[in-house]
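Below is one structure; the comments refer to it alone.
Readers should treat all values here as calculations from the given coordinates under stated rules, not as data from a laboratory. As the structure is a computational prediction, the values presented were derived from the model and not from experiment.
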């Protein structure tokens, strides 16, 4: 009997350690529910909900959240699905811009206009690219050694360090800023 009590206490202590942390945001399941709630009127939403429960769409999304996405969120602090699709308004010098978070970057649109561009990360090449009007232009390649190759207009490139000095060098090369000492 004593062995059974020790095992039960050990199991309970293990459970408190394993299950006492963040439960996660359930980003995938939340997005699925939001999509379901915005399909149409409430009767259509209910039919789609029931169909997704019968086919096990909701069950699979909860399982993916519990086993993969919430685990990533726990260890990194950021759920890969939580921010995808979010749109934020950013005030710029020339007006407001809408920035939509994509799975691999951002889509930027000037408010009130139909023209947009995307900033996309290509994990295979380790580059950030700008995509506008169907044309892809490489911007930066991360070299993996605390440096980056910065692609300049005219087909030139330069290596910069990933620190404040490298940022200042990149700004000078791309914007032609001149810095003056203050009196």
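List of remarks:
- Evaluated at q = 0.13, 0.17, 0.22 Å⁻¹: base-10 log I(q)/I(0), Debye formula over Cα of the range 24-81: -0.36, -0.56, -0.79
- Considering only alpha-carbon pairs that sit under 8 angstrom and 6 or more positions apart, the relative contact order computed for the range 24-81 is 48 percent.
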